[in-house]
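What follows is a set of notes on a single structure, which appears directly below.
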Amino acid sequence: MSVVEAHLLGAPLRSRTVAETLSYVYAISRKDADLQPGAAGIAGSGVRLVSSGELAALVSTVSAEEFGEQGLRKNLEDLRWLERTVREHNRVVDAAAATSTVAPLALATVYYNDARVQAALTEQAPMFLDVLELIAGRTEWGVKAYADLIKSTSGEPAEPETGEGERPGQAYLRKIREQRKGRAEAEHEAVERASEIHDALSELAHANRVHPPQNRDLAAYRGLMVLNGAYLVDDSRTEEFASAIDDIASGSSLQIELTGPWAPYSFAVVSAERR
């Protein structure tokens, strides 16, 4: 299933009369929670509550041209559009998460109309309620670890000493192979250290996820990202978790970065059912 297909919930757009607007869902919460739309939505749109049974969703109206299958496929490759949309999506989720337990949905989760949102809340209620139970009283924290491999990779190889029976060119190639071997060993050691850090932090978290390294250009970091972890931590253990990060960072050769608190995007995972 493609990214676009995963976000277009319900029947495919092409099987229905093409609508001008869609219902964009930011997050889901319990209906009895103190959930109040506290921020403008995509492109400044108003945010409203759509309820069904025990659940409520934060919804706004968006353009079908922009968020329909064809438009979304194109827009997801536009970094400016993507950055702006992520910022607007997160703004709504973060405002709601400040007062309620909310399960944020993936970027560009759209339904054909509010009636389909209500139907999804009814049909997938057990799954949504399980997610809300998982994240209640807990917060997501991100931990990244970077290895500095500059020393082992920068600069031209020094003039190598020619060994017995070696020509100068052969000695130069040998030096390059040694440098590459040194980098590979350094990377392997950094990955092992990162794995140990992840294991230690997982002991303090209720749940964890390991994400792929972020794009270097987009995230603007130096070195090699060897850990991009997300940890769902009981709010009562926040100080303990932060203290553990400080202890690990003080004794590690890796650069450790703690980010958050975040709405629990990494743990509010729900599957999109197509009908």
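The values are calculated or read from the model by the stated rules, or taken from the named source; none is laboratory data. Note that this is a predicted model, so its numbers are computed, not measured. So basically every Cβ, Gly included, is an ideal-geometry build from the backbone, and we count neighbours across all protein chains shown. Surface areas here come from the heavy atoms of the whole protein model, side chains and all, with no ligands, DNA or RNA. Shrake-Rupley method; radii C 1.70, N 1.55, O 1.52, S 1.80 Å.
A few remarks follow.
- Label-to-label distance, nm, for residues given as Ser63 and Asn113 (7 Å Cα→Cβ offset): 2.2 nm
- Solvent exposure of the range 205-264 amounts to 59 Å² per residue of accessible area, where only protein heavy atoms count and the probe is 1.4 Å.
- Legend: P(r) of the range 204-262 from all alpha carbon pair distances, 5 Å bins from 0, whole percents, reading 4, 15, 24, 25, 19, 10, 2, 0.
- The loop-placed trypsin sites (Lys or Arg not before Pro) in the range 19-82, going by DSSP, that have at most 15 neighbouring Cβ atoms within 10 Å of their Cβ come out as Lys31.
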